[in-house]
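*Asks:* Following this message is one structure expressed as structure tokens.
Please treat every number below as a calculation from the coordinates, not as lab data. The shown structure was predicted, so the numbers you read here are calculated from the model rather than taken from an experiment. Quick reminder, even Gly has a Cβ in these numbers, built from the backbone with ideal geometry, and neighbours come from all protein chains shown.
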Amino acid sequence: MLDWLNHYITAQKKALDTINTADIVPLIATLREAHRAGRRIYVCGNGGSAANSSHFVTDLGKNSSEAMPAPFRVISLTDNTPWITALGNDYSFDDSFLRQLQNYGEAGDVLLVISVSGNSPNLVKVLEWAKPRGLKTIALVGGKRGRCAQLAEQVVVVEDTHYGRVEDVQMNILHMLCYAFVECEGARK
């Protein structure tokens, strides 16, 4: 067991080291621009990525907003269970994020999708809808990249395919996006 744990930690550090921090800087700029323009930021993912979506929205909406002159307008498309299940039941689970975003999304808003595989049909569908309508699109994906990486304008890849490791590193990235506004004066300029 000890060997397995040590191997897991070594592999986790290796996955974290695959992040190119230069790829994160433009994401911070996109969030800053949306904030300044009073635009909305929508976030979604499935499973562990849904939990990361909710966590990110909490941190950006509370901690980051407290450090700013005005709050971020940030919404997780993963949090309204009755709406998600109604859409899944009446249409398709593949429409669970798309049909929510169709109610609110406007040009200049930001859509951030989080996926390990990069091929979740509901994420692909929402990106396909958002991009031609002028929403700025961001994807955090694992090493397989998938269709989400092809569709999004801004992409950060965690070069691993292990779901737990990728989701952990993606949460590190999401924390960087939030804490840039809390701790870094440059994010405010």
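*Asks:* Anything in the stretch 146-164 that is part of a helix (DSSP H, G or I) and surrounded by 16 or more Cβ atoms within 10 Å (Cβ to Cβ)? List them, or say none. Full working, then the answer.
*Replies:* Residues of the stretch 146-164 that are part of a helix (DSSP H, G or I), as a first pass: 146-151, 163-164.
Selection gives Gly146, Arg147, Cys148, Ala149, Leu151.
*Asks:* State which residue pairs qualify: first residue touching a residue at least 12 places away in the same chain (Cβ under 8 Å) and assigned to a helix (DSSP H, G or I) and inside the stretch 4-30, second residue surrounded by 10 or more Cβ atoms within 10 Å (Cβ to Cβ) and of a type in the set (Lys, Arg) in any location, beta carbons under 6 Å apart, and separation of 6 or more residues or different chains.
*Replies:* Between residues of the stretch 4-30 that are touching a residue at least 12 places away in the same chain (Cβ under 8 Å) and assigned to a helix (DSSP H, G or I) and residues that are surrounded by 10 or more Cβ atoms within 10 Å (Cβ to Cβ) and of a type in the set (Lys, Arg), the close pairs are Gln12/Arg165; Ala15/Arg165; Thr30/Lys136.
*Asks:* Let me ask something else about it. Which one is farthest from His175 (Cα to Cα) among residues in the stretch 95-114 that are part of a loop (DSSP other than H, G, I, E, B) and in contact with a strand residue (DSSP E or B) (Cβ under 8 Å, 6 or more places away or on another chain)? Before the answer, list the steps.
*Replies:* So in the stretch 95-114, the residues part of a loop (DSSP other than H, G, I, E, B) come out as 96-97, 105-109.
Checking which are in contact with a strand residue (DSSP E or B) (Cβ under 8 Å, 6 or more places away or on another chain) leaves us with 97, 105-106, 108-109.
Details: Phe97: 23, Gly105: 24, Glu106: 26, Gly108: 23, Asp109: 20 Å.
Result: Glu106.
*Asks:* Shifting gears a bit: Mind listing whichever residues of the stretch 79-94 are of a type in the set (Phe, Trp, Tyr) and either within 17 Å of Ser53 (Cα to Cα) or touching a strand residue (DSSP E or B) at 6+ places or on another chain (Cβ under 7 Å) (or both)?
*Replies:* Trp83
*Asks:* Among the residues of the stretch 73-100, which ones are surrounded by 22 or more Cβ atoms within 10 Å (Cβ to Cβ) and closer than 19 Å to Glu33 by Cβ?
*Replies:* Val74
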